[in-house]
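> Have a look at this one before I ask anything.
The values are calculated or read from the model by the stated rules, or taken from the named source; none is laboratory data. Quick caveat: nothing in here was measured; it's all calculated off a predicted structure. Here the Cβ positions follow ideal geometry from the backbone for every residue, glycine too, while neighbour counts run over all protein chains shown.
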Amino acid sequence: GCGICTNRCVFNAISIINLPETLDEDPVHRFGQNSFELFGMPTINEGSVVGLLGPNGIGKSTILNILSGQIIPNFGHYDEEATWDNVIDHFKGSQLQNYFKKLSQNEIKLAYKPQMVDVLPKVVKGEVRPLLESVDERNKLDDVVEKLELSKIMDREVKNLSGGELQRISIAAAVLKDADFYYIDEPTSWLDVKQRLNTIEVIRDLASEKRNVLVIEHDLATLDAMSDYIHVMYGQEGGFGVVSKLRGVRVGINAYVNGFLNEENVRIRSQPIEFEIRPPNQLIESEIITQYTDFDKKYPSFEINVDAGEIPQSQVITAFGPNGIGKTTYAKMLAGITKPDSGEVEDEVEIAYKPQYINTDFQGSVQDFLYMNAQGYGTPLFNSDILKPFDLDKILDKHVAKLSGGELQRLATAATLSQDADIYLLDEPTAFLDVEQRLKVAKAIKHIITRDDKSAIIVDHDIVFIDYVSDRAMVFYGTPGEHGHATAPINLRDAMNKFLSDVEITFRRDKETNRPRVNKHDSFLDREQKEKGEYYYLE
Ligand code: ADP
Ligand code: ADP
Ligand code: MG
Ligand code: MG
């Protein structure tokens, strides 16, 4: 088999594992002997946003490093010195030739938002305002500050900003530049749904000025709304990556969801991802595992009020809302880590909890960690339900302290789901995961919950993930950092309507795959749905 399908499928002929040998082209770049190889490059499309969609470790950031001139591609000759002359010669007759010619002569103006924004405070000192003023070549500072909701943090020191604030500052700094090409690597990490929608807006503004944008993004709804075209990337994580042909954003994401690239004749997943359309206004009835009364918590500068709610068996409840509105505080109260000022959870229920911020001081390998922290480690059931879906089999020997953000996230979520509990409480389990992993995690959670009559409560910001896993949803609203209010778990449609009417965004479902898509602002559907008060979708 190709190692991606578990079954022997009809596409075995195009074994993905052996692809580098069967591809009759040289790689564009190879890091070294037995190191990662990149095949193909994205198309440069004038005046549009092109997205790169693919798993972690497939070469997406490498492409941006090449296009921004930080890596000179070596075409597989890692032992020779790479030169721009060689690059220009290699791409003779294509758009890229001209691009690299200009790039090598410093005639292209670039703006680059790197993937890792948490290193920003090490390179940038001082306050936010002078930093953004110094890059405001488009004269759009006020506009961008308003759209990305930065006004409250303009006079703060960069070193005191949170992850989400650093992300928005970095996006602002990139889009404010007057560049020909904008390279935006993973803009939504740490951002809440509203901030993701704001990010879409500032990036679309670039395209409307006929500028070129290349963006890497794992949140499918955001990628969809942001891009005109996409390249799906596939291959073997850490081994090699192939850039597929340019597709329209809808067709490309659907091909990805369906798991098959028909023009290349490549299967990237054994099964399509299937989205259900749930009955619109009713809840699926089920036994109640537990219920809680209204509860409240007051900190010196923040207060949260939670409406009483029921937690039904075999169902997944998602919780969403802006950053700083009390979602983590709610989770901690439910988990019994923080005591509410008033209110309580009925009955003795066992709750397994994955915190938002994962403690990493464990000394030892992933295997050691699982041995000590996961229930049933080594059993066939653990292998099929936890180890495989979370792709832990490939990282068993790695040291926990050296895991990437996505690897650590998968380990922590997997260990939590292995516990013998009644309710799995997961705070932001998709942060740092790629699309494929998000969908696998969603499936694994659903499987465990329904098979064993458990429940899950999941705080998350990815609409496609939320849509896929939710049976019910809770909305957190109010004034971030001051006062939060949480609804009871209600049906997803009402929850989305409540949340989306505030941000004035409507969604529809894709006709082919049923995945949720953002409507274009002021389009026919957008206006029609707003009139009817149906922000989430029409049947
Ligand atoms: P993505 O952005 O798709 O997650 P990257 O482009 O960052 O992936 O990396 C692709 C592969 O190339 C990874 O296996 C990574 O370890 C490897 N890689 C990236 N940069 C280097 C480098 N400078 N030297 C050696 N290997 C590298
Ligand atoms: P969310 O998870 O929705 O982003 P949190 O529940 O983490 O929000 O935080 C909500 C607010 O409560 C924030 O303003 C935060 O600073 C404040 N807060 C959280 N924990 C504490 C605490 N232990 N003491 C004081 N304030 C806190
Ligand atoms: Mg990357
Ligand atoms: Mg939180």
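Condition check ((1) more than 17 Å from Ser470 (Cβ to Cβ); (2) within 17 Å of the chain's Cα centre (by Cα); (3) surrounded by fewer than 19 Cβ atoms within 10 Å (Cβ to Cβ); (4) polar (S, T, N, Q)) across all residues:
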position	(1), (2), (3), (4)
Ala415	yes, no, no, no
Asp420	yes, no, yes, no
Asp427	no, yes, no, no
Thr430	no, yes, no, yes
Asp434	yes, yes, no, no
Arg438	no, yes, no, no
Val441	no, yes, no, no
His447	no, no, yes, no
Asp452	yes, no, yes, no
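> For the range 335-354, indicate whether the set of residues that are part of a strand (DSSP E or B) and within 16 Å of ligand 4 (Cβ to nearest atom) is non-empty.
Checked against the condition, which is being part of a strand (DSSP E or B) and within 16 Å of ligand 4 (Cβ to nearest atom), the range 335-354 yields at least one hit.
> Only one residue in Asp361, Asp341, Asp397, Asp393 is within 25 Å of Gly164 (Cβ to Cβ), exposed (fewer than 14 other Cβ atoms within 10 Å of the Cβ), away from ligand 3 (no atom under 16 Å from the Cβ) and of a type in the set (Asp, Glu), so which one is that?
Residue meeting the stated conditions: Asp361.
> Go through the range 388-406 and give me each residue that's among the acidic types (Asp, Glu) and at pLDDT 95 or above.
Correct list: Asp397 only.
> So for the range 332-340 (the condition being away from ligand 2 (no atom under 16 Å from the Cβ) and either in contact (Cβ under 8 Å) with a residue 12 or more places away in the chain or touching a Leu at 6+ places or on another chain (Cβ under 7 Å) (or both)), does at least one residue qualify?
So far as the range 332-340 goes, no, none of its residues is away from ligand 2 (no atom under 16 Å from the Cβ) and either in contact (Cβ under 8 Å) with a residue 12 or more places away in the chain or touching a Leu at 6+ places or on another chain (Cβ under 7 Å) (or both).
> Looking at the structure I just gave you, is Asp385 more than 16 Å from ligand 2 (Cβ to nearest atom), in a loop (DSSP other than H, G, I, E, B) and under 28 Å from the mean Cα position of the chain (by Cα)?
Considered against the rule, which asks whether it is more than 16 Å from ligand 2 (Cβ to nearest atom), in a loop (DSSP other than H, G, I, E, B) and under 28 Å from the mean Cα position of the chain (by Cα), Asp385 comes out as no.
> Follow-up question, since we're still on this one. If you check Ser314 against the conditions, is it among the small types (Gly, Ala, Ser), surrounded by fewer than 20 Cβ atoms within 10 Å (Cβ to Cβ), at pLDDT 90 or above and not in a helix (DSSP H, G or I)?
Answer is yes for this residue.
> Could you please find all residues in the range 120-162 being within 19 Å of Val202 (Cβ to Cβ), surrounded by fewer than 14 Cβ atoms within 10 Å (Cβ to Cβ) and not charged (D, E, K, R)?
Those that are within 19 Å of Val202 (Cβ to Cβ), surrounded by fewer than 14 Cβ atoms within 10 Å (Cβ to Cβ) and not charged (D, E, K, R): Ser134, Asn139, Ser151.
> Quick check on the range 344-358: of everything there that is in contact (Cβ under 8 Å) with a residue 60 or more places away in the chain and touching a helix residue (DSSP H, G or I) at 6+ places or on another chain (Cβ under 9 Å), which residue is surrounded by the most Cβ atoms within 10 Å (Cβ to Cβ)?
So, considering only residues that are in contact (Cβ under 8 Å) with a residue 60 or more places away in the chain and touching a helix residue (DSSP H, G or I) at 6+ places or on another chain (Cβ under 9 Å), the one surrounded by the most Cβ atoms within 10 Å (Cβ to Cβ) is Lys354.
> What's the total number of residues in the range 108-161 that are free of Cβ contacts under 8 Å to residues at least 12 places away in the same chain and part of a loop (DSSP other than H, G, I, E, B)?
Residues that pass the stated criteria total 2.
> Could you name every one of the strands (runs of 3 or more DSSP E) located completely within the range 469-539 that has at least 1 residues being under 24 Å from the mean Cα position of the chain (by Cα) and of a type in the set (Phe, Trp, Tyr)?
In the range 469-539, 472-479, 507-509 are the strands (runs of 3 or more DSSP E) which contain 1 or more residues that are under 24 Å from the mean Cα position of the chain (by Cα) and of a type in the set (Phe, Trp, Tyr).
> When the residues of the range 55-70 are narrowed to those that are part of a helix (DSSP H, G or I) and out of contact with any Pro (no Cβ under 6 Å at 6 or more places or on another chain), which ends up nearest to ligand 3 (Cβ to nearest atom)?
Filtering the range 55-70 for residues that are part of a helix (DSSP H, G or I) and out of contact with any Pro (no Cβ under 6 Å at 6 or more places or on another chain), the one nearest to ligand 3 (Cβ to nearest atom) comes out as Ser61.
> Follow-up. From (1) in contact (Cβ under 8 Å) with a residue 24 or more places away in the chain; (2) assigned to a helix (DSSP H, G or I); (3) surrounded by fewer than 24 Cβ atoms within 10 Å (Cβ to Cβ), pick out the condition that doesn't hold for Asp178.
(2)
> Determine, yes or no, whether Ile63 is of a type in the set (A, V, I, L, M, F, W, C), within 20 Å of Asp228 (Cα to Cα), buried (at least 18 other Cβ atoms within 10 Å of the Cβ) and within 22 Å of the chain's Cα centre (by Cα).
Yes, satisfied.
> Name, by its number, the condition in (1) hydrophobic (A, V, I, L, M, F, W, C); (2) without any contact (Cβ under 8 Å) to a residue 60 or more places away in the chain; (3) within 26 Å of Ile66 (Cβ to Cβ); (4) away from ligand 2 (no atom under 16 Å from the Cβ) that does not hold for Ile200.
It is condition (2) that Ile200 fails.
> Also, quick follow-up: For the range 256-279, which positions are part of a helix (DSSP H, G or I) and over 18 Å from the mean Cα position of the chain (by Cα)?
If the condition is that a residue be part of a helix (DSSP H, G or I) and over 18 Å from the mean Cα position of the chain (by Cα), then Asn258 is the only one that fits.
> For the range 1-11, check the following and say yes or no: at least one residue is modelled with pLDDT of 90 or more and at positive phi.
no
> Further, regarding this structure: Within the range 207-224, track down each residue that is assigned to a helix (DSSP H, G or I), surrounded by 24 or more Cβ atoms within 10 Å (Cβ to Cβ) and in contact with a strand residue (DSSP E or B) (Cβ under 7 Å, 6 or more places away or on another chain).
Those that are assigned to a helix (DSSP H, G or I), surrounded by 24 or more Cβ atoms within 10 Å (Cβ to Cβ) and in contact with a strand residue (DSSP E or B) (Cβ under 7 Å, 6 or more places away or on another chain): Ala221, Leu223, Asp224.
> Which of the residues that make up the range 94-119 are in contact with a Leu (Cβ under 7 Å, 6 or more places away or on another chain), crowded, with 18+ Cβ neighbours inside 10 Å and charged (D, E, K, R)?
none
> If you don't mind, another one. In the range 327-334, is there at least one residue being more than 16 Å from ligand 4 (Cβ to nearest atom) and either loosely packed, with under 13 Cβ neighbours inside 10 Å or not in a loop (DSSP other than H, G, I, E, B) (or both)?
no
> Could you go through the range 491-501 and let me know if any residue there is farther than 28 Å from Gly309 by Cβ and not basic (Lys, Arg).
Among the residues of the range 491-501, not one is farther than 28 Å from Gly309 by Cβ and not basic (Lys, Arg), which makes the answer no.
> Determine, yes or no, whether Phe91 is surrounded by fewer than 22 Cβ atoms within 10 Å (Cβ to Cβ), farther than 30 Å from Lys159 by Cα and either within 16 Å of ligand 2 (Cβ to nearest atom) or not acidic (Asp, Glu) (or both).
So Phe91 passes the test.
> I need the full set of residues from the range 398-415 which are touching a helix residue (DSSP H, G or I) at 6+ places or on another chain (Cβ under 9 Å) and of a type outside the set (A, V, I, L, M), in order please.
Hits for the range 398-415 are Lys398, His399, Gly406, Glu407, Gln409, Arg410, Thr413.
> So is Arg250 at negative phi, more than 16 Å from ligand 1 (Cβ to nearest atom) and part of a loop (DSSP other than H, G, I, E, B) or not?
The answer is no for Arg250.
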